[in-house]
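Some notes on the structure that comes next.
The values are calculated or read from the model by the stated rules, or taken from the named source; none is laboratory data. Fair warning: this is a prediction, and the values are worked out from it, not measured in the lab. Cβ: placed from backbone, ideal geometry, glycine included. Neighbour counts: every protein chain shown.
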Amino acid sequence: MLKFAPMILRVIVLLFLFGSVALVNAQEKEKKASAWSSAKPSSLHYPEEKHLANVRQLTFGGNNAEAYFSFDSKKLVFQSDFAQWDLKCDQIFAFDWQKEDLAKSKPQMISNGKGRTTCAYFMKGNKKIIYASTAEGNPECPPMPERRKDGKYVWPIYPDFDIFVADLKGKPLARLTESPGYDAEATVSPDGKKIVFTSMRSGDLELYIMDADGKNVKQVTNELGYDGGAFFSPDGTQLIFRASRPSTPEAIEDSSCTTQHPQTRAQSRKQKHKHKSKKISSDTPDQKREHQ
């Protein structure tokens, strides 16, 4: 029994050390959680926002939008036109939102600095990002449309928008769409196998689904009006998206003029009377959808 004593002692010491490390880690996690939960109300938190807590500002200049988490929630990807980052129009950036301070440093740019970009999203595995860009059609920033008469913002449907893939250092990896007209607003299914996006290829703004490599494109929506901003449900079987359904001649004309860039209006009007879409098989779960 005595000859095994040193070995037993080493085992006891190792168990004590591992137990101490686990306790320290647990205490650190508890301390961080407590810090978040006991944080003072933010000056950025409006009283009406009853379902929000611990509001934290991440960007500090320019117009910053379309921010989405990576699949592991460690990073964010977004678009910005911040002039102090030497930007003339929106470009795509990614950063570790828990470690990086954008008030002090410029994050990693994912797009190539040409054209205008929008709607970036992480792909499964968190090593690649998809986004839309006009750079292949024109490397210059496209003109911004004027606001509507009522002052509301107009989202330009640039015909040069196509969907691209890049790595986290901004190295271009693939171009997923090449059809004439607007292709943008792409998001990825939870299993990483499918991409849903908005396209003008039929003459109207409709939703489409394709494989992660850009193959097997299928049309999902087929009603006149805008369909976009789609996301997959957590199980990947349904889509939630925003839509407009103009019904009167005036509403249809207004929709055409206020959602499109001038270069695409003529194309849309020519194709509107041909507005048809191929029927999608109802037994494919990725094509089920919900309206919001």
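No other residue among Lys99, Lys88 is exposed (fewer than 15 other Cβ atoms within 10 Å of the Cβ) and closer than 22 Å to Arg116 by Cα apart from Lys88. Apart from one condition, Asp72 fits all of (1) assigned to a strand (DSSP E or B); (2) closer than 18 Å to Val188 by Cβ; the exception is (1).
What is the residue count in region 194-210 for residues that are among the basic types (Lys, Arg) and under 16 Å from the mean Cα position of the chain (by Cα)?
Qualifying residue count, region 194-210: 1.
Checking Ala166, Ala132 one by one, the residue that is in a strand (DSSP E or B), in contact with a Cys (Cβ under 6 Å, 6 or more places away or on another chain) and not β-branched (Val, Ile, Thr) is Ala132 and no other. Applying the condition of being under 24 Å from Phe231 (Cα atoms) and among the acidic types (Asp, Glu) to region 41-69 and asking which residue is surrounded by the fewest Cβ atoms within 10 Å (Cβ to Cβ) yields Glu49. If you go through region 180-204 and pick out every residue that is in contact with a strand residue (DSSP E or B) (Cβ under 6 Å, 6 or more places away or on another chain) and under 18 Å from Thr118 (Cα atoms), you end up with 11.
Name the one entry in Gln57, Gln84 that is assigned to a helix (DSSP H, G or I) and not small (Gly, Ala, Ser).
That would be Gln84, the only listed residue that is assigned to a helix (DSSP H, G or I) and not small (Gly, Ala, Ser).
For region 166-195, a residue qualifies if it is within 11 Å of Tyr131 (Cβ to Cβ) and surrounded by fewer than 19 Cβ atoms within 10 Å (Cβ to Cβ), and the qualifying residues are Gly170, Pro172. If the requirement is being in the same structural domain as Tyr131 (by TED's automatic domain parsing), among the hydrophobic types (A, V, I, L, M, F, W, C) and under 18 Å from Ile157 (Cα atoms), which of these qualifies: Phe231, Phe241? Answer to the check: Phe241. When region 87-114 is examined, which residues are found to be touching a residue at least 60 places away in the same chain (Cβ under 8 Å) and assigned to a loop (DSSP other than H, G, I, E, B)? Correct list: Ile110, Asn112. Residues in region 187-210 that are over 17 Å from Ala120 (Cα atoms), without any contact (Cβ under 8 Å) to a residue 60 or more places away in the chain and not aliphatic (A, V, I, L, M): Arg201 alone.
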